[in-house]
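> Following this message is one structure expressed as structure tokens.
The values are calculated or read from the model by the stated rules, or taken from the named source; none is laboratory data. Computed from a predicted structure; not experimentally measured. Cβ atoms come from the backbone with ideal geometry, glycine included; neighbour counts cover every protein chain shown.
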Amino acid sequence: MKVAVVGIGVAGAYLMNRLSDMHDVSVVGFERMRQDQHDAVCAWATCENVMSGLAKNCGLNFQDYVLHDGKYMRVDLGSDSVDLKLKGMVSYDKLKLIQDMIKGTEIRFGRAPRKDELEPDFDLIVDSTGLHRNYLPRLQNELWIPCVQYKVRYKPGKEPFDDFYLKAFPSMTGYFWYFPLGNGYAHIGAGDFAKGHNRFVDEFLHKHDCEVIKKVGRPVRISPPANCEPFTDGRKSVGVGESIGTVFALLGEGIIPSTWCADLFVQNMHDLGAYRNAVIRKFEIYSTVFKFVQMKIAGKFSMIKHAGDMLKIYNHMKSEEDRYGMAVKWTDMLKVSKI
């Protein structure tokens with residue numbers, strides 16, 4: 001089987017690594033960025049407890065990529081705050097991990113081929129282009145949040161925080177993040193449905209003097225897989241990762257779920273119906289989380305009417321503390337729901 005993987009982010013790089021080891025698969029990757037400009041755009045925070053196993057699947061030691069091992073996260077809620085005890089949340093060198101995952105594979109950089117260019121030469125075209133979803137049918141009524149991120153460097157002792165920090169925006173339209181990268185470096189950024197993220201980040205940069213190393217930005221799709229069907233074009237193209245909604249809307253986190261989605265594809269690539277069903281089952285809770293975020297943004301959330309959904313989200317995250325890399329408390333969930 002000949003497979004094209006288009007979009008070499010985390011999911012695409014993981015797929016290139018896994019598929020290249022399969023004796024009955026010939027795989028070629030395509031990345032629209034030139035090789036010298038290839039970058040990992042989104043925030044570099046994830047859970048070591050899960051990523052260690054995923055990196056091991058690729059013959060890599062995830063510990064080699066860890067930049068900062070978090071102990072706690074301050075979540076600023078405006079009139080209140082939450083201090084979360086962390087249990088495996090780290091910042092890591094995402095770009096280096098991607099580069100090592102694709103070592104020895106065939107990647108054609110600087111190319112974003114049209115579907116009709118790929119179809120004659122490949123049996124399957126994997127769309128891992130994230131928000132762009134270039135090879136799949138357009139979605140209706142999807143929700144995405146604009147984001148911006150800076151890599152910055154502070155003088156010794158001038159770092160504004162020594163660990164992870166988030167500031168939630170009113171009505172949960174988004175949040176600001178500060179992720180330490182070690183040695184005075186950090187990622188700061190924000191995403192906001194109400195589009196106030198650039199102003200807030202600019203004010204933070206003005207308040208806390210630093211050297212700006214790089215600025216990137218792109219929207220993030222937070223619609224869940226159930227809202228992102230179809231996963232295929234009915235011909236040869238099939239989506240993996242954010243292109244089919246694998247971002248956990250409450251946290252805006254897609255690194256681990258997108259890699260899980262890639263694993264589901266590897267397991268079911270010869271039966272796309274089974275792949276679709278596996279994705280829907282795996283990410284069923286994402287629909288409940290998305291509904292909660294939608295209600296908050298629209299100002300329609302009610303603790304009385306939506307208590308069942310809140311409890312379902314809490315029970316899920318509590319039972320998966322090692323996956324989320326943090327201690328989960330009901331009292332903290334209640335505080336967050338009130339902003």
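> From the list Ala307, Ala278, Ala327, pick out the single residue that is among the small types (Gly, Ala, Ser) and either touching a Ser or Thr at 6+ places or on another chain (Cβ under 8 Å) or under 25 Å from Ala190 (Cα atoms) (or both).
Answer to the selection: Ala327.
> Would you point out the residue of the stretch 1-33, among those that are closer than 17 Å to Arg218 by Cβ and either among the hydroxyl-bearing types (Ser, Thr, Tyr) or touching a Phe, Trp or Tyr at 6+ places or on another chain (Cβ under 7 Å) (or both), that is modelled with the lowest pLDDT?
Across the stretch 1-33, the extreme among qualifying residues is Met33.
> Is one or more of the residues making up the stretch 225-238 in a strand (DSSP E or B), in contact with a Phe, Trp or Tyr (Cβ under 8 Å, 6 or more places away or on another chain) and among the polar types (S, T, N, Q)?
Scanning the stretch 225-238 turns up at least one residue that is in a strand (DSSP E or B), in contact with a Phe, Trp or Tyr (Cβ under 8 Å, 6 or more places away or on another chain) and among the polar types (S, T, N, Q).
> Would you please name the residue that is nearest to Thr173 (Cα to Cα), looking only at residues in the stretch 285-337 that are in contact (Cβ under 8 Å) with a residue 40 or more places away in the chain and among the charged types (D, E, K, R)?
By that ranking, first place goes to Lys296.
> Hey, another quick one. Considering only the stretch 236-253, how many residues are under 19 Å from Gly7 (Cα atoms) and either out of contact with any Lys or Arg (no Cβ under 6 Å at 6 or more places or on another chain) or of a type outside the set (Asp, Glu) (or both)?
12
> For the subset of the stretch 18-43 comprising residues that are within 28 Å of Trp177 (Cα to Cα) and aliphatic (A, V, I, L, M), which member is nearest to the chain's Cα centre (by Cα)?
My answer is Ala43.
> When you look at Glu253, is it touching a residue at least 24 places away in the same chain (Cβ under 8 Å) and charged (D, E, K, R), yes or no?
So Glu253 fits the description; yes.
> Does at least one position in the stretch 299-306 carry a residue that is at pLDDT below 95, buried (at least 17 other Cβ atoms within 10 Å of the Cβ) and over 22 Å from Ser79 (Cα atoms)?
yes
> Only strands (runs of 3 or more DSSP E) wholly contained in the stretch 17-103 count here; list those with 1 or more residues that are aromatic (Phe, Trp, Tyr), in contact (Cβ under 8 Å) with a residue 24 or more places away in the chain and touching a strand residue (DSSP E or B) at 6+ places or on another chain (Cβ under 9 Å).
Passing ranges, in order: 26-31, 72-76, 89-92.
> Within the stretch 134-163, which residues are in a loop (DSSP other than H, G, I, E, B) and either crowded, with 17+ Cβ neighbours inside 10 Å or acidic (Asp, Glu) (or both)?
Asn134, Tyr135, Leu136, Leu139, Glu142, Leu143, Pro146, Tyr154, Glu159, Asp162, Asp163 - these are the residues of the stretch 134-163 that are in a loop (DSSP other than H, G, I, E, B) and either crowded, with 17+ Cβ neighbours inside 10 Å or acidic (Asp, Glu) (or both).
> Can we say Val216 is over 19 Å from Val50 (Cβ atoms) and at pLDDT below 95?
Yes, satisfied.
> While we're on this one: Condition first: surrounded by fewer than 18 Cβ atoms within 10 Å (Cβ to Cβ) and in a loop (DSSP other than H, G, I, E, B). Now tell me which residues in the stretch 321-338 satisfy that.
Residues satisfying the conditions are Ala327, Lys329, Lys338.
> So, restricting to helices (runs of 4 or more DSSP H) that lie completely within the stretch 240-320, which ones have at least 2 residues that are in contact with a Phe, Trp or Tyr (Cβ under 9 Å, 6 or more places away or on another chain) and more than 19 Å from Leu15 (Cα to Cα)?
284-298, 307-319
> Going by the conditions given, is Pro120 out of contact with any strand residue (DSSP E or B) (no Cβ under 7 Å at 6 or more places or on another chain) and more than 30 Å from Phe169 (Cα to Cα)?
Taking the combined requirement at face value, the residue satisfies it.
> Confirm whether Gly239 is buried (at least 16 other Cβ atoms within 10 Å of the Cβ) and farther than 26 Å from His316 by Cβ.
Answer is no for this residue.
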